[in-house]
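Each remark here refers to the structure printed beneath this line.
The values are calculated or read from the model by the stated rules, or taken from the named source; none is laboratory data. What you see is a predicted model, and the numbers here were worked out from it, not measured in a lab. As a convention, Cβ positions derive from the backbone with ideal geometry for all residues, glycine included, and neighbour counts pool all protein chains shown. Remember, those area values only see protein heavy atoms, side chains included, never the ligands or the DNA or RNA. Shrake-Rupley method; radii C 1.70, N 1.55, O 1.52, S 1.80 Å.
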Amino acid sequence: MEHEKGIDTPATPNKKRKLRNDLILIGGVLVIFVLIGLAIWLFRGEGDLVVVEVNGKTWGTYSLFVDRTVEIRTGEDEQELNLLIIKDGKAYVETATCPDGICAAHKPISRQGESIVCLPHKVVITVKRSDTNAPDIVV
Amino acid sequence: MKKGTQKLALLGLFTAIAMVLAYVEVLLPPLFSAVPGIKLGLPNIIIIFVLYRMGVKEAALVSLVRMVAVSLLFGNPMTFAYSLAGGALSLAAMALLRKLDFFSIIGVSVAGGVLHNVGQILLAMFVLRTAELGYYLIVLSITGTIAGIFIGLCGGLAVKRVKWG
């Protein structure tokens with residue numbers, strides 16, 4: 001703290017300086033933890049399950065490591081289609097009949113927590129991991 | 001009164017207050033029920049008070065006896081392990097920062113509050129073998145900071161106003 005030398009006069013007593021240090025500490029703590037959170041988010045592990053939810057309900061669960069093609073047919077008369085392809089440990093939507101096509105444009109997902117969402121068809125495809133059942137602890 | 005006797009009595013008194021505060025905290029409704037584990041850490045008012053007015057050893061003693069007693073009364077061996085992990089890390093940090101004399105009691109309390117959470121989460125990560133709890137740590141560190149400010153303010157008032165001897 002070289003640049004603050006000399007300002008510790010009676011007008012700015014030790015107490016004030018300590019309070020400013022407190023603020024630096026609090027800010028620093030928050031920044032550090034947000035960075036840690038970011039790091040964990042970036043380096044989160046690979047998942048092994050693909051969970052398809054339609055309208056908030058689980059529609060199907062598939063292994064990420066068994067290559068397959070899933071026709072997610074939804075809506076009246078099952079006219080709405082998202083073609084989910086699981087291949088080489090990644091999942092992606094090949095084609096979809098939804099108007100915006102955002103889901104088909106989404107990059108393949110493989111890390112846990114990643115998801116592809118098709119808003120028009122109310123389809124959510126999420127990668128999860130089977131061995132962690134959201135630990136429920138009270139500390 | 002003999003100094004040693006007085007000290008013993010005071011430590012017992014503070015331990016009792018810390019236990020009552022821990023109990024009061026259990027009675028309070030959860031602040032944010034979606035995320036369990038968010039607490040004010042009321043007993044830390046006493047720990048920080050004893051740390052400032054009597055010393056590190058005394059604070060550690062009060063903290064330890066309180067944890068054992070509260071775990072026996074309301075908890076189980078696992079809650080004691082979590083308490084110990086949090087409490088030990090928290091007190092070590094607070095004692096160090098106090099010695100450095102770089103922060104006011106509020107900063108010391110914030111460090112204590114945050115590291116209390118860090119200690120518990122680290123133990124939980126170790127016990128449950130999952131890294132996902134890292135997310136949880138982010139939430140708890142933010143609430144821990146806020147709680148730490150509050151506890152620091154209370155502790156500071158107590159250190160300033162409570163007189164004995």
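I'm trying to understand the selection: among the residues of segment A:41-56, which are within 12 Å of another protein chain (Cβ to nearest Cβ) and open to solvent by 50 Å² or more (accessible area, probe 1.4 Å)?
Once the filter is applied, which keeps residues that are within 12 Å of another protein chain (Cβ to nearest Cβ) and open to solvent by 50 Å² or more (accessible area, probe 1.4 Å), segment A:41-56 yields A:Trp41, A:Leu42, A:Phe43.
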When both residues are 6+ apart or on different chains and their Cβ atoms are under 6 Å apart, which pairs have a first residue that lies in segment B:57-77 and is of a type outside the set (D, E, K, R), and a second that is open to solvent by 70 Å² or more (accessible area, probe 1.4 Å)? none
Any chance segment B:142-159 includes a residue that's more than 9 Å from chain A (Cβ to nearest Cβ), open to solvent by less than 20 Å² (accessible area, probe 1.4 Å) and either in contact with a His (Cβ under 6 Å, 6 or more places away or on another chain) or of a type outside the set (Gly, Ala, Ser) (or both)? yes
Residues that are closer than 22 Å to B:Ile17 by Cα, more than 12 Å from chain A (Cβ to nearest Cβ) and either charged (D, E, K, R) or touching a residue at least 24 places away in the same chain (Cβ under 8 Å) (or both): does segment B:95-112 have at least one? yes
With respect to the numbered conditions (1) touching a residue at least 12 places away in the same chain (Cβ under 8 Å); (2) open to solvent by 20 Å² or more (accessible area, probe 1.4 Å); (3) not β-branched (Val, Ile, Thr), which one is the sole condition not fulfilled by A:Asp77? (1)
